[in-house]
Amino acid sequence: MIHPAFTHRRVLIVIAALAWAATVLYLSRLDLITSTHDEITHIISGRLIVESLTPGFSQVGFWAPLLHLLIMPLMVVPILASSGVGASIALLPFGCVSVVLVYELCVRLGCSKNVAFFAASLFLFNPYILFFSGVPMAEILLIVHVLACAYYFDKWMCTRSVGALIYAGVAVSLASMSRFEGFLLIPITLCLVLLQLWRWKVSFNEGRAMFLLFFIPAVFGFTFIMVYSYVYSEQVLAYGGYSLSGGVSINGNGHFDLPFEKTAATIFYAARYMMPVVFVVFSLPVFIIASLVRREYLRLFSIGSILASPIIFVYFVILFGKLRMVTPETANVVYAYENVRYALTWIGFPMIACALAMQLLARIPWKIPKLAAMTILASLMLFAETVHTYRQYFISPFTPLLTELAIKDEELVDFVQQFNEQYDYGRILTLRYSNDFLLIQTGLTLDHFVLEYNYRHFEQAVHEPWVFVRWVVIPEKRGSTQSLALLQKLKTNKAFIRYFELVRSTPRGSIYRLRDTLLREEIAKFGYSPQAFPSLSSDMTRWDPALVYSGIQRNQAP
Amino acid sequence: MLGIKSKICYNQKIMSDDMHIQSTQPEEPLAALVVPGAEDDLTIGQYVEAVEEVGQNKVSVIVPCANDRRWLPGCFERIEAALKETEFLYEILVVDDHSRDGTAAYVRSQESARPVRFIEKRGQKGRAISIKEGLDVATGGLIVLLDPDLRCPPEAFLNLVRRLTVDDVVVANREKYPFFAYRVFSRVYRWIVGVLLLSVDVDVRSGLKLFRRSLMHELRFAPEFDSRIGFDAFLLYHAKRSNWALETVSVPYTRPMFHHGVWGAVSSRVSLVVGAVNIRFSQIFRWLFPFLYPPQPQEYFEAGFTNINDYLFLAPEQSAKGHLTREVYFLIFYVFLFIFVYFHFIYLFTGNSFAWSLFFHIAIVQLALIIFKLYVVWITFRLPPQPPRMLTPDEMLDLPMISIILPVYKEKEIIPQLCRRMAEMRYPIDKLDFIFIFESGDDETIQAFLDHEKPAHFKGLVSPDVKPKTKPKALNVALRETKGEFLVIFDAETLPEPDQFMKAMSAFRSDPTLDYIHSRIDVYNPGVNWITKSYAAEFSFFYNFFLPGLATVRSPTPISGHSVYFRREQLIKVGGWDAYNLAEDCDIGIRMFRNGYKSASVIDSYSWEQSTSSIGDWLKQRTRWMQGFVQTSMVNLRFPALLWKDLGGLRNFLMFMFHVPGGVFLNGLNLVQWCILVFWYFTRDPNVQSIFSGVLLYISFSSFIVANSLFTYFNLLGLLYRRYYALVPTALGSMFYWLMLSFATARAILRFFRQESTWDKTNHPVITPAPLKL
């Protein structure tokens, strides 16, 4: 007799937590938690909210903000912030919940608990699910919220529970705050709600009421992002300091207007790296067959649409040239892999398809053929998953991710090392993104840096850096933002050259230090106090650019 | 416990139709003389009056004893010798302060031979407490305090008594001292304690004092009356302060010095000094902090108060009549002083400006209020669904009587609708006690009631022609005439569900500990315009998502003005409604809680009322409600320490603050925040930006924008819950509705401080309730 405490759900949670712990241990041993550019950027974004020259909401950044807000509380602990484990801890519950949601969704769809458990296990032991549950990346957040949306939406369709509809709306909102792929969930779910209401033949007033009830929480996340972007960048949709409307052309690589079939092929190959190919190939047919057999067209169509919405979004974004996805099979530029991980976020769809396939076989009326067919199918899936996992863990660990995102090249390591050798005290004027590795590897708290997200502080420091900062680090690569252009212009600024000396120049960037003796002599001529100049002060007092000049006039420290 | 006083006599206007209009009858006179210990049955005033009646010609000699057995025989003999030949009856009350020298046995042995009573002390040791206990049982109209050591000769009684015909208190002044040094010392001591500390030039240590029994009522409840500071000093001080006629009679000193030993003499003198100093400090402290000294509950009713209106009104301490009292002024002053000092310290230590500190703390309070509201909503969401409970056949046979009070004022058109609905209520007729209460002078409505064909058990009652003419005053009139175990009020335009009585009684039966029961209120004209729609949204949220949570957490709740089921006995105990409060429902909810009636529940039964449909009416109504909330806040906060104690500690005190003053605060603040937002948007003023930056910006943003959005959504949910699908889009405009509420609140606050408290009655045109198209 099984103890009542050992329910499938509880067992799944325990297994997920253990698997997560093992994965974090494994990833930290391989130094993979803070090894990629995006991971470091997310950590820094979360950390800047609490530890910046201008801490607060302005530091959330123009990525989908949920991850940064979630990891923010743990970033106040230096060891958790620098190691990235703080982010892993923050994501653990989401990893566990995502597994439970796969299980619950399968049960809702009529699968037996064992089949649901099997599908949830396949989901859990996908190496990339474990990977993204343990590193500071937002993929798992999107996956869990898409699954939650599908679960509650299905519950609403079956029970007409108002609470379920509200939860589905909240899940949509959180999904859109997790990653931009979540945006597509909004129109899809709104259409599905309308479709379902039409099918129920509710009155116009009731339909409008239900629609509003769902609409308000569903669009909250998207509205939040738009308002935030508008307030801080005066564009309704900004991404990483760039306008999304610019697409990939902002990188100077031109548009990649792929035709339909090539886009589909690219996504297919990318998905094949993220999960066993058998899941990719058979999931859609299984959904179609299940719909036909069960005669639950709208229900399975709704769940399928919701689960597949991230990959549909990716498909259209690639199709319209706003995103580039590259696999070795479709490589046409220097990269072997690029954005392959985007093909992971629809993983709920194939996993539910697995459960549906098993459930379809369970309808076979004869016991032995039924058991045989189910065993064969389960073995096949298990075999495919094992091979895939083994390959990703032991043959070429996370190659598609690391070759794309890893930034620990020798040049960069050398650059940081040289900076650390030179740095003594004072604030540093530099940029984010291209220098995130520098930010995290110097071991300095982030309020030492004057960055473009410090807005008017940054603008004033670029205007007259000798008043505000002791160090200027000008990146040499990546990006062509306005901020970078401003910074690079300094190299030709006469006053800058006069007050700053170049102490190191590497292919990744140039390091400038203030000629403080010269500056002290010059300000002495005007009778100003050096204490009034933030650039000559060794303390890290936060200054307000508006007050620094009046302080200099009155010989007061900022 | 406080109660409606029974000694009432007033003339009631008798209406022509005796069948339906009854007049309230005068009460029977006080039946019997009160015996000590039975005060609970009467008010203090009645007790005092009764005792005085029998004790006009009687002297009660109170002799506090502490191991004074050796003095007692002589003492008794000399008292007898002094009083026997006079026209006065007398009694000697010996209060034994735990003596161990056989005092008790001796006094008991004398009880049969002389008019002596032995009083066994119940309280702590001390002369003052002995005197107090003696006073409690004394029945004479004249009180003599006599020390048993006979330092002052009892023979001086007659002189003292004679003086008392014109004076209130007479003190025997010892004039002839045994020797010069003692006289000097006594005079100096008398000057310091008497003149300097107590402002009376009498022998403060005199062992013989005489005063009227009638003074005791005032004396007993004087704020400085503290047994720790001695009775003598207190009596003299209070006599001086109250301008009582205080006279002295010279007597010789008749005992040797130090007859209680040196230590006894010193300690008695020192304790008198300490007592006098205490009285002085207590008086100064009371003057400075009047809000810390609430009146005693018995003091609410004055002795011998026989005004015909005394049952209509609460005592001034409990009523909103006084508006801003001295206690409130002082409290406001200290709160502002504290804020000023506190903000100054913040400025000194952090450099933050006063404006920043002010808005920061306001934002914190606002956030706390909103979190509390969300907590209550969360509690409601967690409540399991309550399956309807039917009354069992046995319970059906034993249904309690319900009194239904229906206050009607200038609403003649609505009488037919009201009578019709009341006649439809499903409950045994013999268990229903309908009382329609009218204002005197509202002849049209009264005539309409008389003319209308109605069931025989509908009674009409006319309220006496006494101002203010308010609903709570009318309710107080009707309350006296009710007979039911339970009581409910319905406004004239209210339409309760026909089975609501059954549901309410079922709820009381299922939980006998319940003190009162709310029903849910809805509006029957929601579709008229935006105001009625928003009104419906507001009620949907409040009665479905907020009130059940409040009832569950046992919070002091501002209850509804109608459709609440009370236990009549409890209502009487709390003194009925406050005739001067513009939100009498809010006030009585809090007073019920203060009196320990905390258990409430919400039944799943609706009462429909009419929503105001014009901005003018709406604004008048909300201003009245909000002003009532301000009044209730001020009335209860006159004595915050007492409120804290009555409510039962910090939790409930905070809940009261959150609901009543907090509700006003939130509404008012909403207007301020809108003004700041609009001002900033159009001017981009850097001062606003510098104040609202960092943490303050986040807190204010969360409180203002997020909370407004969240509660807008709750309104939407409420409408959906009540299946008002057509009204759902209206809920999106809740922010503007709350803005209007803010205007009403601002107007209410203004009216409160201008001391305008007219009852702006809401107009209720007759509307035929029609189902809303869903």
(message) For region A:423-453: of the residues being of a type in the set (S, T, N, Q) and modelled with pLDDT under 85, which is nearest to A:Gln482 (Cα to Cα)?
(response) A:Ser434
(request) Scan region B:691-706 residue by residue and report those that are more than 9 Å from every other protein chain (Cβ to nearest Cβ), touching a residue at least 12 places away in the same chain (Cβ under 8 Å) and part of a helix (DSSP H, G or I). (result) B:Ile691, B:Leu696, B:Ile699, B:Ser700, B:Ser702, B:Ser703, B:Phe704
(request) Among the numbered conditions (1) under 15 Å from the mean Cα position of the chain (by Cα); (2) surrounded by fewer than 22 Cβ atoms within 10 Å (Cβ to Cβ), tell me where B:Ser601 comes up short. (result) (1)
(message) Considering only region B:725-746, I want to know if a residue exists there that is more than 30 Å from B:Cys419 (Cβ to Cβ), at pLDDT 85 or above and not in a helix (DSSP H, G or I).
(response) yes
(request) Looking only at region A:231-239, decide whether some residue is modelled with pLDDT under 90, within 12 Å of chain B (Cβ to nearest Cβ) and over 22 Å from A:Arg324 (Cα atoms). (result) yes
(message) Out of everything in region A:200-228 that is within 11 Å of another protein chain (Cβ to nearest Cβ) and assigned to a loop (DSSP other than H, G, I, E, B), what residue ends up being nearest to the chain's Cα centre (by Cα)?
(response) A:Val202
(request) Within region B:731-743, track down each residue that is among the aliphatic types (A, V, I, L, M), surrounded by fewer than 21 Cβ atoms within 10 Å (Cβ to Cβ) and away from every other protein chain (no Cβ under 14 Å). (result) B:Leu739, B:Met740
(request) Please identify the pairs in which a residue from region A:346-365 that is more than 22 Å from A:Ala175 (Cβ to Cβ) has its Cβ atom under 6 Å from the Cβ atom of a residue that is part of a helix (DSSP H, G or I) and among the charged types (D, E, K, R), counting only partners at least 6 apart or on another chain. (result) A:Ile364/A:Lys370
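Filter region B:707-730 for residues that are more than 10 Å from every other protein chain (Cβ to nearest Cβ), over 14 Å from B:Lys373 (Cα atoms) and touching a Leu at 6+ places or on another chain (Cβ under 9 Å) and give the result. Please lay out each step first, then the result.
Here is the first cut: in region B:707-730, the ones more than 10 Å from every other protein chain (Cβ to nearest Cβ) are B:707-708, B:710-711, B:714-715, B:718, B:722, B:730.
The next check asks that each one be over 14 Å from B:Lys373 (Cα atoms); those that pass are B:718, B:722, B:730.
B:Thr730, the sole residue that qualifies.
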(request) Mind listing just one residue for me: the one in region B:159-184 that is in contact (Cβ under 8 Å) with a residue 40 or more places away in the chain and more than 25 Å from B:Lys240 (Cβ to Cβ) and, of those, surrounded by the fewest Cβ atoms within 10 Å (Cβ to Cβ)? (result) B:Lys176
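Residues that are more than 21 Å from A:Gly304 (Cα to Cα) and small (Gly, Ala, Ser), at least 1 per element: which helices (runs of 4 or more DSSP H) completely within region A:317-405 meet that?
A:367-390
Return the residues of region A:154-179 that are among the charged types (D, E, K, R) and more than 14 Å from chain B (Cβ to nearest Cβ); say none if nothing qualifies.
A:Asp154, A:Lys155, A:Arg179
Listed here are the residues, each with its yes/no results for (1) within 16 Å of B:Glu493 (Cβ to Cβ); (2) at pLDDT 85 or above; (3) of a type outside the set (Asp, Glu); (4) surrounded by 12 or more Cβ atoms within 10 Å (Cβ to Cβ).
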site	(1), (2), (3), (4)
B:Lys373	no, yes, yes, yes
B:Leu399	no, yes, yes, yes
B:Tyr409	yes, yes, yes, yes
B:Pro416	yes, yes, yes, yes
B:Arg426	no, yes, yes, no
(message) I need a count of the residues in region A:481-494 that are in contact with a helix residue (DSSP H, G or I) (Cβ under 7 Å, 6 or more places away or on another chain) and surrounded by fewer than 21 Cβ atoms within 10 Å (Cβ to Cβ).
(response) 3
(request) Would you point out which residue out of A:Thr41, A:Thr34 is out of contact with any Gly (no Cβ under 6 Å at 6 or more places or on another chain) and either crowded, with 21+ Cβ neighbours inside 10 Å or at pLDDT 85 or above (or both)? (result) A:Thr41
(message) Can you find a residue that is surrounded by 24 or more Cβ atoms within 10 Å (Cβ to Cβ), under 19 Å from A:Ile13 (Cβ atoms) and more than 17 Å from the chain's Cα centre (by Cα) anywhere in region A:90-100?
(response) yes
(message) So for region B:619-642 (the condition being more than 19 Å from B:Ser560 (Cα to Cα), more than 14 Å from chain A (Cβ to nearest Cβ), assigned to a helix (DSSP H, G or I) and free of Cβ contacts under 8 Å to residues at least 24 places away in the same chain), does at least one residue qualify?
(response) no
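Okay, residues lined up against (1) under 27 Å from A:Phe437 (Cβ atoms); (2) assigned to a helix (DSSP H, G or I); (3) within 36 Å of the chain's Cα centre (by Cα); (4) at pLDDT 90 or above:
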site	(1), (2), (3), (4)
A:His457	yes, yes, yes, no
A:Ala524	no, yes, no, no
A:Asp539	yes, no, yes, no
A:Ser550	no, yes, no, no
A:Asn555	no, no, no, no
(message) Show me the helices (runs of 4 or more DSSP H) entirely contained within region B:438-524 in which 3 or more residues are under 29 Å from B:Leu314 (Cα atoms).
(response) B:443-451, B:471-481
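The values are calculated or read from the model by the stated rules, or taken from the named source; none is laboratory data. A quick note: this is a predicted structure, and the numbers were derived from the prediction, not measured. Positions of Cβ are generated from backbone atoms using ideal geometry, with glycine treated the same way; all protein chains shown enter the neighbour counts.
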